[in-house]
Amino acid sequence: MPLYSVIQHNEKTKILVWKIEESLSDFGDIFLTEKSRQRIANMKSESHIKGFLAVRKLLNEAALSDEDLFYTEDGKPHLKNGQVISISHSFDFSVIAISDNTIGIDIEKNREKIKRIATKFVDKESSYLKQEKLVEQLTVIWGAKESLFKIHPDGGLLFKQHLPIDKFDLDHKKTKGYILKEPFNESYDVYFESFFGYTMVYATNEIKLDE
């Protein structure tokens, strides 16, 4: 089940999800730039390599290639055609978001260990957490804040202080998130999906970057 899902969020935004079931040899037909080959050579984790290669598979599904992707010094990915791209992978899944609008995406495996680090990223959100769905809620909050962090151009954000997330219902799959760090004061729509014990979250607004 390689290409797991394509979500056409709207005419300007597409989310692509890859479920990694391949062996490393199954990825042998992917075109890679020399820079990408060097990056893989320095990776020690097979899981990380597969996640990296699955992202290139997703680029192909979007009629793009590794050559269309580049990274700036801050580590953020960009597309040569001017569209916005955001990338994430976790264990068995890789995801990309491609848009004409600002967007950030994250995918995380739902794990009990997130409870132990909750105090590092949860602030006002603690007022609406429910014990019976704590792992799922915390994973949405973390993914939302990670997505917003990827959107912010300058870094220096504190997850507790600068990235509040509104109360949400897990069944509604939508909430609001904010970047509140001067001179930034912006709100974003946050969407989330759960599948196979993973939570995917993406944050976007509908303002085109050149407007």
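A few comments on the model shown:
- Helix-derived mean residue ellipticity, 222 nm - over the chain, DSSP H n ≥ 4, -39500 (n - 2.57), to 500: -6500 deg cm²/dmol
- Both numbers refer to the Cα atoms of the chain; Rg and Dmax are 17.0, 50 Å.
- For the range 3-99, size of Cβ-based charge dipole, Lys and Arg +1, Asp and Glu -1, in debye: 200
- Here SER36, SER187 are placed in order of increasing Cβ neighbour count within 10 Å, fewest first, which gives SER187, SER36.
- Averaging the sequence gap over all C-alpha pairs within less than 8 Å and six or more residues apart, then dividing by the number of residues, gives the chain a relative contact order of 17 percent.
- Modelled this way, with points 7 Å down the Cα-to-C-beta line, the labels at PHE31 and LYS109 are 3.3 nm from one another.
- Distance histogram in 5 Å bins (all Cα pairs of the range 1-67, percent per bin): 3, 16, 27, 24, 16, 9, 4, 1
- Pairwise FRET efficiency - TYR71 versus PHE91, Cβ, R0 = 22 Å, nearest 0.05: 0.45
- Per-residue extension of 0.36 nm, minus the Cα-Cα distance of ASN205 and GLU21, leaves a gain of 63.0 nm for this segment.
- For the pair GLN131 and ASP189, a Förster radius of 25 Å applied to the C-beta separation gives a FRET efficiency near 0.35, rounded to the nearest 0.05.
- Reachable lysines, given that their alpha-carbon falls under 30 Å from the alpha-carbon of LYS35 and they are not under 8 places away in the same chain: LYS12, LYS14, LYS19, LYS44, LYS50, LYS57, LYS76, LYS80, LYS109, LYS145, LYS150
- Modelled FRET efficiency - R0 22 Å, LEU79 with HIS9, Cβ distances, 0.05 increments: 0.85
Every number in this text was worked out from the coordinates using simple rules, so none of it is lab data. Computed from a predicted model, the values in this text were never measured in an experiment. Here the Cβ is made from the backbone with ideal geometry for all residues, glycine too, and neighbour counts use every protein chain on show.
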